[in-house]
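> This is the structure I have questions about; it appears just below.
Quick note: the coordinates plus some simple rules give every number you see, no bench work behind them. Source: prediction; values computed, not measured. Reconstructed Cβ throughout: ideal geometry from the backbone, glycine too, with neighbour counts over all protein chains shown.
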Amino acid sequence: MTNETTETTETMENPIEDIKVEEELLHLKMVEEPTFENVFTEKAKKFAKDLGKIKINKGNGIRRPNILLYGEAGSGKSVFARQLHLSSQNTDMPTSDFYRVNFSASNDVQDLVGHLMPYETESSTIGLKFIPNVLYKAVSSGGMFLADEQNRALMEVLSRLFNLLDYSNEFEVPENNEVIPVHPNFWYIGTMNPVGNGYVTNTLDKALEQRFSVKYEFGFDEPIVDEENMIFNLLGKDKEFSERMMSWVNTIRKEGNGTIVSTREVSDICSMISNGLPIKESIEYTLASAYTPEKIKEMYATALIKFRKVSIS
């Protein structure tokens with residue numbers, strides 16, 4: 001049998017052993033950091049619009065509601081928070097900058113509020129200068145503060161947030177011996193992953209959870225991002241290649257024995273490819289910490305079918 005370049009069929013049982021790969025040249029331009037504001041599903045767009053209309057009056061003035069977004073890792077919680085920040089710019093209560101802390105048990109209060117830094121004064125003595133951190137900046141400027149995976153944090157850290165979540169007009173900063181006014185456009189968004197060893201997370205303290213005016217669960221059954229559109233934009237608007245990527249994603253989700261590749265991971269893989277990294281490495285670098293080497297090899301075997309032109313031996 002003479003070698004002939006053809007498209008593989010999806011019925012090949014051992015693609016790595018049975019074919020000799022000839023990689024396609026991917027003429028994809030480098031793209032900027034991916035944005036999602038134009039690829040949300042209609043339901044997600046409506047949800048964001050509805051949240052933008054909610055205002056809370058606790059007797060201390062009008063504020064935006066504290067929002068808790070919870071669900072599986074990679075289901076779109078943090079991405080949706082960024083969309084809320086963008087959409088707020090077209091309202092009468094626009095938030096300023098976007099501030100984010102990815103919580104863990106190693107975080108302390110200084111990571112949120114700020115710390116004192118020694119410096120040399122003009123008289124050559126040592127003074128202390130307060131260096132504000134993300135929460136201080138968000139509170140004072142009216143920014144959005146995203147507390148990502150907050151149920152990983154220690155309660156002694158989270159307890160400093162209670163008066164903010166009670167819509168107080170003031171925020172105490174003992175690190176600098178001051179009390180600062182809370183900007184009326186300050187917006188607090190918290191996220192949390194499911195509880196369990198797989199996520200190394202704890203249940204959220206009841207007193208903290210009750211301080212969220214809006215709670216919403218995300219899941220993969222109803223994704224908030226239109227992945228086809230997202231992939232199309234990230235892969236340089238190459239229709240054929242984008243369709244292959246979407247087919248690969250659907251295949252490993254459907255036939256991968258419980259494999260869940262999140263929208264975030266799909267975005268990362270596409271971003272790496274669009275910036276010149278081979279498909280194999282893009283898959284490995286993105287998914288290596290989540291799956292076994294055998295599972296990664298299985299995913300790549302499927303990718304060989306979906307993405308390559310091959311020579312049949």
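> Could you give the dipole magnitude of the stretch 108-186 about its Cα centre, charging the beta-carbon of Lys and Arg +1 and that of Asp and Glu -1, in debye to the nearest 20? Before the final figure, lay out each step's value.
Details: 4 positive and 12 negative charges, 30 e Å.
Computed about the Cα centre, the dipole is about 140 debye.
> Please compute one quarter of the surface area of the Cα convex hull for the stretch 71-168 and express it in square nanometres.
Details: hull surface 34.7 nm².
Result: 8.7 nm².
> Across the stretch 239-244, in residue order, what do the Karplus-derived ³J(HN,Hα) couplings come to in whole Hz, using 6.51 cos²θ - 1.76 cosθ + 1.60 with θ = phi - 60° and x for Gly and Pro?
Couplings: 4, 4, 5, 5, 5, 5 Hz.
> Give the long-range amide H neighbours of Gly74: residues separated by 5 or more places, or on another chain, with amide H under 5 Å away, using H modelled in the peptide plane at 1.01 Å from N.
Distant-sequence amide H within range of Gly74: zero hits.
> What does the charge add up to near Ile260, with Lys and Arg as +1, Asp and Glu as -1, over the other residues with Cβ less than 10 Å from its Cβ? Walk me through the numbers before you get to the answer.
Values: positive: Arg253; negative: Glu72, Glu265.
Cβ neighbours under 10 Å give a net charge of -1.
> Hey, another quick one. So if I place +1 on the C-beta of Lys and Arg and -1 on the C-beta of Asp and Glu, and nothing else carries charge, what would the dipole magnitude of the stretch 112-254 be about its Cα centre? I want it in debye, nearest 20. Can you show the working numbers first?
Numbers: 12 positive and 21 negative charges, 42 e Å.
It works out to roughly 200 debye.
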